[in-house]
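In what follows, a single structure is set out as structure tokens and then discussed.
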């Protein structure tokens, strides 16, 4: 076979010689295609190409000796071109043609999948190639790769047994980032030894390890070629079997300071010096920059750093002496960062954010020009100024000021702005306000300032620092620099409000994120070109500093504009993506550009895959259903619903040209999803789940269809409605190979001599006998091949089953849900899967299991679907312990006809606290793992029935719990559980408690308003606290003259339905927020509420939580709670979220999320306290981290106390206080949007946050990356 490869290479080398354009003699080329890996069409095998007019049926190949290799001789003497293009066809029509993308012989043509051949000048016989490949059917590619980062590399070569250890034969390709690659084809099952060689003479020296030969004289790498193409992931380091980066590395990093600005501002090399300060030198002095020998504007310093590859290093410039520079010489910007990868690097030159300070040598007049833009926001209420100002004032640090802002101007003003600040007016009405400021000699050459706008009535818009401080948030100051030798008049030009990022005239920052993990990134980087930058393919580069495969860049655009753009894998056209998906693409002349309507806020777009609108973790699924056998198709349409789509119905469309086949295309995350088709878009219109289950494709309690979504887009065949088969389709036979990854079980003591694994499922009636066998080449892999007769497209459930039963938990059955695969009608090999099974070990000692089972109000009896009608007398625990899973029975006591087994533990609640207790004695030698389930008993339970006995009433069949003990346990161990927590139908089991959809992840489902027709509320994805959605309520505009108004969005219950009695309590908790861009104004406020009504809907009591109002911190989620006692006479309960709207306040929104409701017999029972109240004061971290620009800080508070949450930079300077006041005990989450106290965006860098409760302090770290 190696000789045949050499022959092939000779042929291709010969073919690259300039071919004859014409000949007097025949030039016969013998084409050979190996069809042994495919089923040959009844119409034979053909070839079509440029040499015969691309006719798919004109040129047939034959296999006269029956060896699977089809042959034809083509006379190419008349071919005028140097190169011919062709394809093999399994049949005689297009659609059955191969696609060959391997550039060795393919990748040509308009679709990039034609074969190519340089026309030879002599008769040539091509070696047989596999259909759709450039190599033989008994060959595989090995994709060699090595990481040589850190080495002095000119080239990397591959030498081994396959090339007689000649390092001059196989040269590897530079793939970037120190990675070199080379692909070679070898016969399957052949074994090869090899090494990588740098620069032709630096042979790697290896130690014996998993990737090398063992016990030989020379330690070489070794590979056994498999039936599939092979690649090395992760890429090994040179001279190692492992990926690079396992240990700290040392490298030199060169920092560069662009000093051109500072030099122009009087930097004195004799007295001033610049230092590097950062984590790599403990932020200490001593590392001094030196002037570059070739560029006097450039100062450099090289630092040797030892750190973990991939670590983030922070640093700053520091100018000296302190007294000569603002901020004592420290940069005023955030810490700079870079990623250290253990390689010598030179950072790009940066301009220090430092200003030299000194006294003015002369008196200076500052002429002030401030431009006014219509629509500018008043920072005190975030609304546009209603009129053009009469006057602007400039307050600042000049003349020892930062004077009084005040509220107004003029003789009648009670709290006037200081007379010492300059006044600016616009006498010619051109929108430029002018004024002046005289600074004497000796005044500082740098000052900070801010503007204020005045018109009669501005005093009615209050501000924390006075009505006139209305340009931007506190501390959002501007800086003005004057050379110390200036004289006469200098001009200060500014725009009112350009320091307030919310102003509509400022461009919006859009962060583009591109996921390149599925692509090889070009050596020229990744770029974006678009309408915002002149469509230059090399001008705007995206970066991936943390090397996670996500490339990012910030661009600016005007709100409301539509951008058109493309990502480019490189820096030139031809490497650009094509995005035809109309969700985000399909624009432009070629219908392949992305488009984006710029939102009126800075926006971070989620990462999109190159060439797609989806993330790389999502795929499109095209669902089809055939309604041919449905008697009546609903006039309302055909829908996709159920499972992952429930409770929504997604309308399907009739396939063009079809009469009964409907389709819909939806994006889904990778993984397994349940669904059903629906006729009419209502609960009665779902497919027959019983029939689907009977045919083998229905899963779960509802007999849903199942689809497993992978990396590639997929589509379903047109299933017949309520059937696993296509309408009128016939089942076919094929082999399916199942694979068990036994790595974990083998490490846990699996004994191949006594243990064996079976396949159980619908394909074998869930019966025994189909036993997996150890793979001959991989001892960690067990396989079994099953011949299956079924309809193509049908779904089949199955599980692993370990034997003997007594050696494994749950009798050897997997405790996870049934596995599912789709039968294609062709031979199929399923991916290896790890059995969800635990081997049972023996306890070394006697153990007493103390059982604590909590009982919750309103728990459902799974046998009836209704709440238990009484509080239980006794709970029992049935399970796999003590050789049980005993009889459940229907009742207890001497008069019981079918009693519960006497061998299961009984649990009672002797003190009435809702916790049932009991014990279970396990002797030494008992298994260390058992499954169990609870049952509830009270007299009369036997009348409520049950398939497995009335006492099996906690959860559905097979929804068991698992308890694990260390085999060396002794004495007493505690088992804690809640009755019914394995039954998702229990109203308190979900995150919203008794509320439906408390996280609004299903939109507005379950919620309503009063009056019902209100349209000023919705569930959307603008500001979610967790998940994807939250509830937004804005002021009513239907009858605003009748303010005040209320907008309640709530869910209703009956007191009887909740099982409540007077004196019980209803508790609500959740999170509320008002955004800075649409903040609550006036007296408006939002809150949670619980209210009670009598039978006539007269209100008896209403309880409300703390409120969100105009004084609340914006852009921050606040956790609130409210408890309400059930009054006498209460019949109905409403609980939810409300916005109260005061007079003349029709603006501002309140958002609600993660709303939950629970009930108790008292304010909070001891058990509920245990559930709701944390046991300790502890940080739960921030998420996401790193972040841009919003992160959520989470912490548990164990008792009500005064809490302060403050953010600092790495130097210890306070950035913002997020919380300062009393918080209740509980779990809290506070958002930070990367603004400082003054509303300014802070730069990228490492930040600290400190949470204090009384005298207790906790500190966390977070990384902002833009």
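Values quoted throughout were computed directly from the atomic coordinates according to the rules given, and no laboratory measurement underlies them. Since the model is a prediction, treat every value here as computed from it, not as a measurement. Here Cβ is always computed from backbone atoms with ideal geometry, including for glycine, and neighbour counts include all displayed protein chains.
Calculated FRET efficiency, residue 77 to residue 743, Cβ-Cβ distance, R0 = 56 Å: about 0.40 to the nearest 0.05.
Between residue 30 and residue 169, the FRET efficiency estimated from the beta carbon spacing at R0 = 35 angstrom works out to 0.80.
Using the Cβ-Cβ distance between residue 733 and residue 40 with R0 set to 22 Å, the FRET efficiency works out to roughly 0.75.
Per residue, the average separation of C-alpha pairs within less than 8 Å and at least 6 apart gives the chain a relative contact order of 5 percent. Here each label is just a point 7 Å from Cα along the line to Cβ, and for residue 373 and residue 816 those points are 5.4 nm apart. Placing a label point 7 Å from the Cα of residue 1259 along the Cα-to-Cβ direction, the residues of the range 329-370 whose backbone N falls under 20 Å of that point are 334-336. A P(r) calculated from all alpha carbon pairs of the range 578-642, with 5 Å bins opening at zero, reads 4, 12, 16, 15, 13, 11, 11, 10, 5, 2, 0 percent.
On the principal axes of its alpha-carbon atoms, the range 847-978 has extents of 44, 29, 28 Å, going from largest to smallest.
Using every Cα-Cα pair within the range 732-829, state what percent have a distance larger than 22 Å.
For the range 732-829, the share of Cα pairs beyond 22 Å comes to 29 percent.
Multiplying the residue separation of residue 347 and residue 519 by 0.36 nm and subtracting their alpha-carbon distance yields 59.3 nm. By other beta-carbon atoms within 10 Å, ranking 65, 827 with the fewest at the front produces 65, 827.
Taking only the Cα atoms of the range 508-609, the radius of gyration and Dmax are 12.7, 36 Å. Equivalent-ellipsoid semi-axes for the range 1178-1264 (Cα gyration tensor, √(5λ), whole Å, largest first): 21, 13, 11.
The orientation-averaged shadow of the Cα convex hull for the range 836-896, equal to a quarter of the hull surface, comes to 7.2 nm².
Take the Cα radius of gyration of the range 154-287 and divide it by 2.2 N^0.38 Å, N being the number of residues; the result is 1.66.
The largest-to-smallest principal axis extents of the Cα set in the range 142-231 are 34, 29, 23 Å.
Counting only C-alpha contacts under 8 Å and six or more residues apart, can you give the relative contact order of the range 364-495 as a whole percent?
Details: 272 pairs, mean separation 50.5, N = 132.
It rounds to 38 percent for the range 364-495.
Here the spin labels are modelled as points 7 Å beyond Cα on the Cα-Cβ line, and at residue 539 and residue 654 they lie 5.0 nm apart. Relative contact order for the range 521-587: 36 percent, from Cα pairs under 8 Å spaced at least 6 residues apart, divided by residue count. Under 15 Å from a point 7 Å along the Cα-to-Cβ line of residue 1038: which residues of the range 992-1008 have their amide N that close? Taking a point 7 Å out along Cα→Cβ of residue 1038, the residues of the range 992-1008 whose backbone N falls under 15 Å are 1008.
Mind checking the log10 I(q)/I(0) for the range 928-974 at q = 0.26, 0.27 Å⁻¹? Debye, one equal scatterer per Cα, no solvent, two decimals. Normalising to I(0) and taking log10 leaves -0.93, -0.97.
Separation of the range 316-375 and the range 773-807, taken as the distance between their Cα centroids, equals 67 angstrom. Taking label points 7 Å from Cα along the Cα-to-Cβ direction, residue 490 and residue 1202 give a separation of 4.5 nm. Volume per residue of the convex hull around the Cα atoms, evaluated for the range 618-720, comes out as 99 Å³.
Taking the square roots of five times each eigenvalue of the Cα gyration tensor of the range 864-918, the equivalent ellipsoid has semi-axes of 20, 16, 12 Å, listed largest first. Where only DSSP H runs of four or more residues are counted, the chain gives -1000 deg cm²/dmol as its mean residue ellipticity at 222 nm, each run worth -39500 (n - 2.57).
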